[in-house]
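To start, the structure itself, in structure tokens.
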Amino acid sequence: MEKGTPALGWAARDESGLLSPYSFSRRARKDEDVTIKVLFCGICHTDLHIAKNEWGNALYPIVPGHEIVGVVTDVGPGVKSFKVGDTVGVGYFVDSCRSCGTCSKGYENYCSTLVLTSNGVDYDGATTQGGFSDVLVVNQDYVLRVPESLSLAGAAPLLCAGVTVYSPMMQYGLNAPGKHLGVVGLGGLGHMAVKFGKAFGMTVTVISSSPRKREEALERLGADAFLVSQDAEQMKAAAGTMDGIIDTVSAGHPLVPLLELMKPMGQMVVVGAPSEPLALPAYAIIGGGKRLAGNGVGSVRDCQAMLDFAGKHGITADVEVVKMDYVNTAVERLEKNDVRYRFVIDVAGSQLGAAA
């Protein structure tokens, strides 16, 4: 029997979320598996929540990371889609049942037995470990091709933040030139929604509680307008002007003032994940026939389409690249939203240290 691949990563071992070197083994390569040397991995808010067990589902020790870009170093005999040397990506999940209704329709991201890239349970019962590590072994059907034109560090967050906003924009028609899109929040998800919206040819308005982000939104990211959500006069003046809204905020916030910004039959999509419930009075959606949906990342098909679109239009995330030994400081800063807009670990350029 073929042995598993030795791996070295950084793991959290308890609810402190503190990460330190960790030695483990990847599964033995199967016929349709791709072995990947990890080059870069983004740090997502989800990594923070899981490492600190804020969602109550931590399977310690946890190697976080699901915004992964790397290079293929080995392929199984059944692999037809990739070859050694290809630049590839791995996102939020690494397997699904392939037989349920959502999988058969190409929405495997909603499979009830989805295997997450990190802190998931594989079909053999093993706990999955993510991209804060030097090597991955993944079935070819869940590996993505990264366009050569993209910066690899800047491409890594596309595997989660990018597809999380791109997928609902495509699904709900929030990609039509000339339509007016509102983007709530200007962080890792929000800045990607602005970039995709402008590339689609839309009019984009950023809605933020922070007036300090006005210059960033308008001058650096190219948004067309900026609203301070706590300014009642600004919000009133913009009422009924937007075709749709992408809400990226991960903290509690009122929905009604945002819904009032939309035209009748407008579509709002929530992609941020506040820990507390969001209040939704029925009148806020009945009047005007307004619609509210959620979205969780995207399918493999959606993610590849997003990467191809990003490659064509030169879209990457704005990132701060750090070494692995800075990761605990990066997590502390991420908790304070002290990053523009995504930390990305230079895994290949890091000394991963002696395993603890």
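Summary table
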quantity: Most to least packed among 125-137, 337-349 [average Cβ atoms within 10 Å]; calculated: 125-137, 337-349
quantity: Estimated FRET transfer efficiency when R0 is 30 angstrom, pair W55-A305 (beta carbons, to 0.05); calculated: 0.55
quantity: Carbon/sulfur fraction of accessible area - the chain, other protein chains in place, 1.4 Å, %; calculated: 53 percent
quantity: Structure-derived volume of the Cα convex hull per residue in Å³: which label, when the choices are (1) 146; (2) 184; (3) 135; calculated: (3)
quantity: Alpha-carbon radius of gyration plus Dmax, which is the widest Cα pair, for region 161-294 in Å; calculated: 13.3, 38
quantity: Two-site FRET efficiency, K236 against S149, from Cβ-Cβ distance with R₀ of 41 Å, rounded to 0.05; calculated: 0.40
quantity: Ordering of 38-46, 79-87 by packing [mean C-beta count within 10 Å, highest first]; calculated: 38-46, 79-87
quantity: Two-site FRET efficiency, S20 against R291, from Cβ-Cβ distance with R₀ of 56 Å, rounded to 0.05; calculated: 0.75
quantity: Cβ-based net charge around P157, under 13 Å, with every Lys or Arg adding one and every Asp or Glu removing one; calculated: -1
quantity: Nonlocal amide H pairs with N139, under 5 Å, H built at 1.01 Å; calculated: V34
quantity: Degrees, to the nearest 10: 300-313 long Cα axis against longest axis of the chain; calculated: 70 degrees
quantity: Sites excluded, GluC sites (Glu not before Pro) in DSSP loops with at most 15 other C-beta within 10 Å, longest stretch of the chain; calculated: 149-356
quantity: Residue list for region 190-220, given a label point 7 angstrom along the Cα-to-Cβ vector of L278 and an amide N cut-off under 20 Å; calculated: 190-197, 204-211
quantity: Accessible heavy-atom area order of S149, S96, highest first, probe of 1.4 Å; calculated: S149, S96
quantity: Per residue solvent-accessible surface (Å²) - region 161-294, probe of 1.4 Å; calculated: 41 Å²
quantity: Theoretical ellipticity at 222 nm over the chain - DSSP helices of four or more residues, -39500 (n - 2.57) apiece, nearest 500; calculated: -5500 deg cm²/dmol
quantity: In Hz, Karplus ³J(HN,Hα) per residue of region 80-90 (6.51, -1.76, 1.60; θ = phi - 60°; x = Gly, Pro); calculated: 10, 8, 9, 9, 4, x, 5, 8, 9, x, 9
quantity: Virtual paramagnetic centre 7 Å along Cα→Cβ of V121, amide N under 13 Å, in region 22-37; calculated: none
quantity: GNM result for the chain, Cα springs below 10 Å: residue of F93, F309, F196 fluctuating most strongly; calculated: F309
quantity: Phi-based couplings in Hz for region 222-237 (Karplus 6.51, -1.76, 1.60; Gly and Pro marked x); calculated: x, 5, 8, 8, 9, 10, 8, 5, 8, 9, 4, 5, 4, 5, 5, 5
quantity: Net length gained if the chain between E32 and N337 were fully extended (0.36 nm per residue, minus Cα distance); calculated: 105.8 nm
quantity: Whole-Hz ³J(HN,Hα) from phi, Karplus 6.51 cos²θ - 1.76 cosθ + 1.60, for region 193-208, glycine and proline x; calculated: 4, 4, 5, 5, x, 5, 5, 6, x, 8, 8, 10, 10, 8, 10, 9
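The values are calculated or read from the model by the stated rules, or taken from the named source; none is laboratory data. All of these numbers come straight from a predicted model, not from anything done at the bench. All Cβ positions, even for glycine, are placed from backbone atoms using ideal geometry, and neighbour counts span all protein chains on display. Each accessible area value is taken on the protein alone, full model and side chains, heavy atoms only, with ligands, DNA and RNA left out. Shrake-Rupley method; radii C 1.70, N 1.55, O 1.52, S 1.80 Å.
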